[in-house]
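> Okay, here's the structure, questions in a sec.
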Amino acid sequence: MKTIICSHGFAVRADSMGMFTDIKAALPEYEFRMFDYYAITPNGDQTVRSLDDQAAILQQQIDDTAEGDITLLCHSQGSTVAGLIDLSRVSRVILLAPPVAISRASLINRMRHRKGAKLNPHGMSIVPRTDGTTMYIPVEYMDSIEAHDRLTLYQTMATKVPTTIIRAMSDEVLGVTPLEQVKNATLIDIAADHNFTARARTKLIETLREVLL
């Protein structure tokens with residue numbers, strides 16, 4: 001069995017705003033596993049878990065997968081989560097627009113202009129979402145995003161398992177990240193925004209096909 005386990009980024013659901021769904025449709029020969037990292041109430045409100053708690057969820061997904069070829073497909077913060085797990089059963093890792101430098105200050109600044117947001121870098125932040133639901137961000141999450149050096153995580157990953165990094169060169173969220181510093185990884189640059197939308201989505205899927213050959 002060939003399985004792709006999808007690790008999504010911050011403030012999105014299992015399908016990563018439809019990106020993983022599009023990739024799944026284009027790669028029918030793979031079994032896809034998509035799941036949510038956050039605690040979600042029946043009305044759709046989300047409570048963000050710490051990165052270590054997210055890593056435990058990802059590890060369980062791997063442990064529950066049947067023997068065979070396992071690819072981790074990680075977008076944005078999902079790449080950091082993948083750096084915190086046991087990769088011994090993983091055949092390859094693909095990182096899409098992985099972040100390098102994120103802090104509670106930078107995260108608070110990104111959300112500062114959301115109407116009705118109550119932001120507390122050292123407590124519970126409450127952020128209204130555009131779909132009418134609410135995202136709760138506890139201090140445990142804020143602490144966790146500053147607990148790990150991401151380039152070190154990616155470097156450790158690349159020494160253990162074949163790793164491909166696909167960098168979005170028009171990334172409006174992260175800018176151009178210094179991922180060329182990760183040795184032993186294959187770095188592919190795509191003219192894309194952070195979520196690989198529009199024409200970049202087609203290019204991303206073409207690139208993934210080549211990587212997975």
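> Name the residue that is surrounded by the fewest Cβ atoms within 10 Å (Cβ to Cβ), counting only residues in segment 18-28 that are in contact with a strand residue (DSSP E or B) (Cβ under 8 Å, 6 or more places away or on another chain) and outside any loop (DSSP other than H, G, I, E, B). Lay out the reasoning, then the answer.
Filtering segment 18-28 down to residues in contact with a strand residue (DSSP E or B) (Cβ under 8 Å, 6 or more places away or on another chain) leaves 19-20, 23-24, 27.
Retained after the next criterion (residues that are outside any loop (DSSP other than H, G, I, E, B)): 19-20, 23-24.
Details: MET19: 22, PHE20: 24, ILE23: 24, LYS24: 17.
That would be LYS24.
> Scan segment 123-136 and give yes if some residue there is touching a helix residue (DSSP H, G or I) at 6+ places or on another chain (Cβ under 6 Å) and over 30 Å from LEU213 (Cα atoms), otherwise no.
Scanning segment 123-136, I find at least one residue that is touching a helix residue (DSSP H, G or I) at 6+ places or on another chain (Cβ under 6 Å) and over 30 Å from LEU213 (Cα atoms), so the answer is yes.
> Please go through segment 167-199 and give me each residue that is crowded, with 18+ Cβ neighbours inside 10 Å, out of contact with any Ser or Thr (no Cβ under 8 Å at 6 or more places or on another chain) and over 27 Å from ILE108 (Cβ atoms), ordered by number.
Answer for segment 167-199, where residues must be crowded, with 18+ Cβ neighbours inside 10 Å, out of contact with any Ser or Thr (no Cβ under 8 Å at 6 or more places or on another chain) and over 27 Å from ILE108 (Cβ atoms): there is none.
> Consider segment 137-161. How many of its residues are out of contact with any helix residue (DSSP H, G or I) (no Cβ under 7 Å at 6 or more places or on another chain) and in a loop (DSSP other than H, G, I, E, B)?
4
> Which condition number in (1) within 26 Å of CYS6 (Cβ to Cβ); (2) loosely packed, with under 13 Cβ neighbours inside 10 Å; (3) of a type outside the set (A, V, I, L, M) is the one that ARG112 fails?
So the condition that ARG112 fails would be (1).
Condition check ((1) loosely packed, with under 14 Cβ neighbours inside 10 Å; (2) among the hydrophobic types (A, V, I, L, M, F, W, C); (3) at positive phi; (4) out of contact with any His (no Cβ under 7 Å at 6 or more places or on another chain)) across all residues:
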position	(1), (2), (3), (4)
ASN43	yes, no, no, yes
ALA55	no, yes, no, yes
ARG92	no, no, no, yes
ALA97	no, yes, yes, no
ILE108	no, yes, no, yes
GLY132	yes, no, yes, yes
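> Would you confirm whether or not segment 102-113 contains a residue that is under 15 Å from the mean Cα position of the chain (by Cα), among the β-branched types (Val, Ile, Thr) and modelled with pLDDT of 95 or more?
no
> May I ask you to verify whether LEU84 is without any contact (Cβ under 8 Å) to a residue 24 or more places away in the chain, surrounded by 14 or more Cβ atoms within 10 Å (Cβ to Cβ) and touching a helix residue (DSSP H, G or I) at 6+ places or on another chain (Cβ under 6 Å)?
So LEU84 fails the test.
> Across segment 59-76, what is the total count of residues that are surrounded by fewer than 24 Cβ atoms within 10 Å (Cβ to Cβ), within 16 Å of the chain's Cα centre (by Cα) and either within 30 Å of THR134 (Cβ to Cβ) or aromatic (Phe, Trp, Tyr) (or both)?
Total meeting the criteria: 2.
Each row is one residue, and each column tells you yes or no for (1) closer than 21 Å to LEU212 by Cβ; (2) of a type outside the set (Asp, Glu); (3) touching a residue at least 12 places away in the same chain (Cβ under 8 Å).
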| position | (1), (2), (3) |
| --- | --- |
| LEU51 | no, yes, yes |
| ALA55 | no, yes, yes |
| GLN59 | no, yes, yes |
| LEU73 | yes, yes, yes |
| GLY78 | yes, yes, yes |
| SER91 | yes, yes, yes |
| LEU96 | yes, yes, yes |
| SER103 | no, yes, yes |
| ARG112 | no, yes, no |
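> Also: Quickly run through segment 2-55 and pick out the residues that are among the basic types (Lys, Arg) and over 13 Å from TYR141 (Cα atoms).
Let us first name the residues in segment 2-55 that are among the basic types (Lys, Arg), namely 2, 13, 24, 33, 49.
Passing the criteria: LYS2, ARG13, LYS24, ARG33.
> For THR164, only one of the following conditions fails: (1) assigned to a loop (DSSP other than H, G, I, E, B); (2) surrounded by 13 or more Cβ atoms within 10 Å (Cβ to Cβ). What is its number?
With respect to (1) assigned to a loop (DSSP other than H, G, I, E, B); (2) surrounded by 13 or more Cβ atoms within 10 Å (Cβ to Cβ), THR164 is out only on (1).
The values are calculated or read from the model by the stated rules, or taken from the named source; none is laboratory data. Computed from a prediction, not measured in an experiment: that's the story for all the values here. Counting neighbours? That spans all protein chains shown, and the Cβs are built from the backbone with ideal geometry, glycine included.
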